[in-house]
Amino acid sequence: MPLAASAIYFLNLRGDVLINRLYRDDVGGNMVDAFRMHIMQTKELGTCPVRQIGGCSFFYMRISNVYIVIVVSSNANVACAFKFVVEAVTLFKSYFGGAFDEDAIRNNFVLIYELLDEIMDFGYPQNLSPEILKLYITQEGVRSPFSSKPTDKPIPNATLQVTGAVGWRREGLVYKKNEVFLDIVESVNLLMSSKGSVLRCDVTGKILMKCFLSGMPDLKLGLNDKIGLEKESQIKSRPIKSGKTIELDDVTFHQCVNLTRFNSEKTVSFVPPDGEFELMKYRITEGVNLPFRVLPTIKELGRTRMEVNVKVKSVFGPKMFALGVVIKVPVPKQTAKTSFQVTSGRAKYNASIDCLVWKIRKFPGQTEPSMSADVELISTITEKKSWTRPPIQMEFQVPMFTASGLRVRFLKVWEKSGYNTIEWVRYITKAGSYEIRC
């Protein structure tokens, strides 16, 4: 359900109302007294940003020394409310020269009232783009002496952008060299048993783009996802070519993506913003290609000695390599002395985190280095408590490898002038929560 705000209040840290705007008549003007009495005076501001009092919900956020409170009387989208607050603060800062605090509000009462009338209509959020609003709200705010000077930006086509056509890209961009950079960045989350069986595994990924293209180009991106390939085979009346296909879960797109075309053709078509942006995010829970397998063996020899043996095998291709590999093996707090033998990299004991830290700067594919360590423990007179073994943790980054198997099949750029474009594609897999029980 969309946000339907009844009122918005700006309060200082004492609870005094700096400025407020009522959008609906379903709440009384004294609702701020309920917020001040039941939340501010009870010192519960830091517990939860959403509170319900007397049939009304209060969504509040602190920015500098100002509390912004949105009051709703019906069920509303909380995420939309906080998104509105963040975007509104960004808008105010653009008018106030980068500052948003109690002094900035007191110095710009008239401007803030005018902006509140434009960015919300009957409690529903409207256009919050600073570039568009500055075209017809030309009043300048009172700037702080410490604020940065405004930069002169080319004025976009207001009519085109207010209608929602391409509000994220301005016209008239010209580049001598037209280039597109695309990065697929994935994070692997894993929980593996000491015997090597996978207990939990998933991949969260995002596609980052950096575009330096002239004019208003139309891009089309093809991936090896199962739904997209099946739709393409139906359109072209051809069977699906052999090769791995993946199923993407929880996909979210940037606002530039044409969702109508995606629902009908299952292709990602979009007019990109200028510069760097996040095109889409996704998650995969099946068919994950793990870059590493870890086989630990930890033996407790009496009360004063331990033997640790860890083997790490890289599963990716021999022509690939991982960078910045770190394996953290937990040991008891009473560790006194350690000695290591490693076939690759360096290892040491880090007392601040109670771990044996094994670092390999460059880890080739299809290799299996190992680490052996003798750990001496301090003998204590008190009865020994059983040591609960925390999991082994890994950090790594593998270029040109995706744990999901996602691949770019094509990236097409069309622009009416017909210029040539250079496309760059890169794959990176990182460790999210990569843990192995020992």
For residue 5, work out the one condition from (1) open to solvent by 70 Å² or more (accessible area, probe 1.4 Å); (2) closer than 30 Å to residue 135 by Cβ; (3) in contact with a strand residue (DSSP E or B) (Cβ under 6 Å, 6 or more places away or on another chain) it doesn't fulfil.
(1)
Considering residues that are under 30 Å from residue 311 (Cβ atoms), touching a Lys or Arg at 6+ places or on another chain (Cβ under 6 Å) and among the charged types (D, E, K, R), the number found within segment 242-297 is 1
Given the condition at pLDDT 80 or above, assigned to a strand (DSSP E or B) and surrounded by fewer than 16 Cβ atoms within 10 Å (Cβ to Cβ), answer yes or no: does some residue in segment 125-135 qualify?
no
Segment 393-411, residues that are surrounded by fewer than 20 Cβ atoms within 10 Å (Cβ to Cβ) and farther than 18 Å from residue 221 by Cα:
393, 395, 397, 399, 400
Across segment 101-146, what is the total count of residues that are under 27 Å from residue 170 (Cα atoms) and of a type outside the set (Val, Ile, Thr)?
24
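Conditions tested, residue by residue: (1) closer than 30 Å to residue 320 by Cα; (2) open to solvent by 60 Å² or more (accessible area, probe 1.4 Å); (3) modelled with pLDDT of 95 or more.
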site	(1), (2), (3)
346	yes, yes, yes
352	no, yes, no
358	yes, no, yes
361	yes, yes, yes
367	yes, no, yes
377	no, no, no
381	no, yes, no
385	no, yes, no
388	no, yes, no
Members of segment 175-197 found to be under 19 Å from residue 314 (Cβ atoms) and among the aliphatic types (A, V, I, L, M), listed by number:
188, 190, 192
Sole miss for residue 138 among (1) open to solvent by 50 Å² or more (accessible area, probe 1.4 Å); (2) closer than 23 Å to residue 36 by Cβ; (3) hydroxyl-bearing (Ser, Thr, Tyr); (4) not in a helix (DSSP H, G or I) is condition (2)
So is residue 418 without any contact (Cβ under 8 Å) to a residue 40 or more places away in the chain and either acidic (Asp, Glu) or not in a strand (DSSP E or B) (or both) or not?
yes
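Is it the case that some residue within segment 32-44 is touching a helix residue (DSSP H, G or I) at 6+ places or on another chain (Cβ under 9 Å) and closer than 19 Å to residue 133 by Cβ?
no
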On the given criteria, is residue 214 open to solvent by 10 Å² or more (accessible area, probe 1.4 Å), more than 23 Å from the chain's Cα centre (by Cα) and over 20 Å from residue 276 (Cβ atoms)?
no
Considering only segment 40-115, give the strands (runs of 3 or more DSSP E) lying wholly within it that have at least 1 residues that are open to solvent by less than 40 Å² (accessible area, probe 1.4 Å) and more than 30 Å from residue 136 (Cα to Cα).
50-53, 56-63
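The values are calculated or read from the model by the stated rules, or taken from the named source; none is laboratory data. Not measured: the values here are computed from a predicted model. Glycine also receives a Cβ, built like all others from the backbone with ideal geometry; neighbour counts cover every protein chain displayed. Protein only, heavy atoms only, side chains kept; ligands, DNA and RNA dropped before computing areas. Shrake-Rupley method; radii C 1.70, N 1.55, O 1.52, S 1.80 Å.
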